[in-house]
1. Under the definition of Cα pairs under 8 Å and six or more residues apart, what whole-number percent is the relative contact order of the chain?
2. Magnitude of the Cβ-charge dipole of segment 107-220, K/R +1 and D/E -1, about the Cα centre, nearest 20 debye?
3. If amide hydrogens are placed 1.01 Å from N in the peptide plane, which non-local residues have theirs closer than 5 Å to the one on ILE11?
4. Pairs to check: LYS214/LYS246; LYS28/LYS101; LYS139/LYS214; LYS28/LYS160; LYS101/LYS139. Give those whose C-alpha atoms are more than 29 Å from each other in this structure.
5. Segment 52-139: which chymotrypsin sites (Phe, Trp or Tyr not before Pro) are DSSP loop and have at most 16 other beta-carbon atoms within 10 angstrom?
6. So what are the ³J(HN,Hα) numbers for segment 133-142, from phi and the Karplus equation (6.51, -1.76, 1.60; θ = phi - 60°), rounded to whole Hz, Gly and Pro as x?
7. In Å², what does the accessible area per residue of the chain work out to with a 1.4 Å probe?
8. How are the alpha carbon pair distances in the chain distributed across 10 Å bins from zero to the largest one, expressed in percent?
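The values are calculated or read from the model by the stated rules, or taken from the named source; none is laboratory data. Everything numeric in this text was worked out from a predicted model, so none of it was measured. All Cβ positions, glycine included, derive from the backbone under ideal geometry; neighbour counts span all protein chains shown. When the accessible area is computed, the model is the full protein with side chains, heavy atoms only, and any ligands, DNA or RNA have been set aside. Shrake-Rupley method; radii C 1.70, N 1.55, O 1.52, S 1.80 Å.
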Amino acid sequence: MSQSQPETACIQTETHGRVGLIRLDRPKQLNALNDALMDQLGDALLMFDRNPDIGAIVLTGSARAFAAGADIAAMSDYDFVDAYGNDFITRNWETITRIRKPIIAAVEGVALGGGCELAMMCDLIIAADSARFAQPEIKLGIMPGAGGTQRLPRAVGKAKAMDWMLTGRLIDAHEAERAGLVSRVVPAEETLPTALQVAAEIAAMPLMAVIALKESVQRAFEAPLAEGLRFERRLFHGLFATEDQKEGMRAFLEKRPASFKHR
Ligand code: HXC
């Protein structure tokens, strides 16, 4: 494992083999997401995405909070120019949507408002049995603004998304799993180890196939079925040009483990 921390760090980064780990680290504010944190998060994600020795990324917070939402103290005095003129959210939060390698959210404690939206921007969510999710923006006189009204209905369906967003109520980890928001619920102390293990498994897979698969699944939410299927087919065809496809299939036929080069 290697570690690095930027000055006035709101995040910490580590590498665990081919996995990049990012920890949100504003403990006094329960990891409330301000500009400094989101800038640093974007930089760290881009750094791991560019690093050829990294195959997957884990994003986590603390035992108490993945993130308690956008920073209300920072937002409370915003006017239209601060929000619209400065391109609030789009400017830095959306960096995560440009990351091509899989990102796993390891959620312990609360993931509220923008914290829940940040988890939903990841590719899958592994939740502690202690995790609590909510979109409580309505109680602050606003609405979800970092993708919640679009990603939550896609994850859990319209009825549940409306219920959760219009009431702002807390959803426990098991309800979130039943609804399809999270992929696995594990005992709290196993959350990060499980996420790191899943990420290591993914990072050992042939990288070209991994990023093509992620890109194709993302299309499922953006394109009509026929276009998504065409997109999938082209990427599928393209993978026959990779060394790892030859190695993966040859290894199967020779009854030996594959040795992928991520090429
Ligand atoms: C800024 C926050 C914060 C937030 C907590 N804190 N959430 N600061 N922004 N979102 C701060 C508190 O002010 C407090 O600071 C410290 O963290 C500890 O919080 P407490 O409330 O004292 O802890 P507790 O009683 O355990 O309650 C925890 C909590 C509660 C249930 C998570 O803090 C809470 O409800 N937070 C707000 C959740 C929320 O509404 N999130 C949505 C934000 S809007 P001090 O200095 O007093 O110790 C949003 C918009 C998204 O996310 C749309 C676009 C991004």
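1. Relative contact order of the chain: 16 percent.
2. 500 debye
3. Amide H to amide H, under 5 Å and 5 or more residues apart or across chains, ILE11 pairs with ASP25.
4. Working: LYS214/LYS246 21 Å; LYS28/LYS101 31 Å; LYS139/LYS214 35 Å; LYS28/LYS160 32 Å; LYS101/LYS139 35 Å.
Beyond 29 Å between Cα atoms: LYS28/LYS101; LYS139/LYS214; LYS28/LYS160; LYS101/LYS139.
5. Sites meeting the loop and neighbour criteria: TYR78.
6. 10, 6, 10, x, 4, 4, 6, 9, x, 10
7. 52 Å²
8. For the chain, the pair-distance distribution reads 7, 28, 35, 21, 7, 1, 0.
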